[in-house]
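The values are calculated or read from the model by the stated rules, or taken from the named source; none is laboratory data. Only a predicted model underlies this, so the values are computations on that prediction, with no experimental measurement involved. Cβ: placed from backbone, ideal geometry, glycine included. Neighbour counts: every protein chain shown.
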Amino acid sequence: MPFDWRKFNDVAEELSRSRTDAHIRSAVSRAYYAAHNVARKLCQARGGGDRRHGELWLFLQRDQCSLGPHDTIGLVGEQLKCQRVDADYLDRKALKEFDVQKAMQRSRAIINDVDRLIEEMRNQ
């Protein structure tokens, strides 16, 4: 059975309970990869192939996968990717509990919308 990438959000939640810098950074990263890997499935289903990171989010922005009236999966994914880059590479940037909560909120929003869109595609 394939791995369920959504479980990375559970890991992010667990990591966020410990408020050390390493745990906060790891939680942001796990939240990103939960959304990224679920969104790859939507990209593939919409004919975009197996794109990754910036290419994935750009494809989904252009594909108009809506999260709401002003946001798209691709736009929110790009914002989450920027948070992940900060967490993984910018050692001088201080990250706080708020950053983890925002990353998890974005990740869940992306995953919920991807699941909804894939279900709609199946029912067509």
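Figures for the structure shown
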quantity	calculated
Subset of region 86-124 (residues that are surrounded by 11 or more Cβ atoms within 10 Å (Cβ to Cβ), among the aliphatic types (A, V, I, L, M) and within 25 Å of ARG25 (Cα to Cα))	ALA87, LEU90, LEU95, VAL100, ALA103, MET104, ALA109, ILE110, ILE111, VAL114
Residue within region 85-106 that is free of Cβ contacts under 8 Å to residues at least 12 places away in the same chain, out of contact with any His (no Cβ under 8 Å at 6 or more places or on another chain) and closer than 30 Å to GLN124 by Cβ present	yes
Where a residue in region 24-43 is farther than 14 Å from SER107 by Cα and its partner, wherever it lies, is in a helix (DSSP H, G or I) and of a type in the set (Val, Ile, Thr), with Cβ under 8 Å and at least six apart	ILE24/VAL100; LYS41/VAL114; LYS41/ILE118; LEU42/ILE73; LEU42/VAL114; LEU42/ILE118
From VAL11, VAL38, residue being β-branched (Val, Ile, Thr), within 12 Å of the chain's Cα centre (by Cα) and farther than 19 Å from LEU90 by Cβ	VAL38
Within region 8-124, helices (runs of 4 or more DSSP H) holding 1 or more residues that are modelled with pLDDT of 95 or more and of a type in the set (D, E, K, R)	21-45, 73-89, 97-122
Unmet requirement for TYR32, which otherwise passes all of (1) under 22 Å from ASP4 (Cα atoms); (2) touching a strand residue (DSSP E or B) at 6+ places or on another chain (Cβ under 8 Å); (3) among the hydroxyl-bearing types (Ser, Thr, Tyr)	(2)
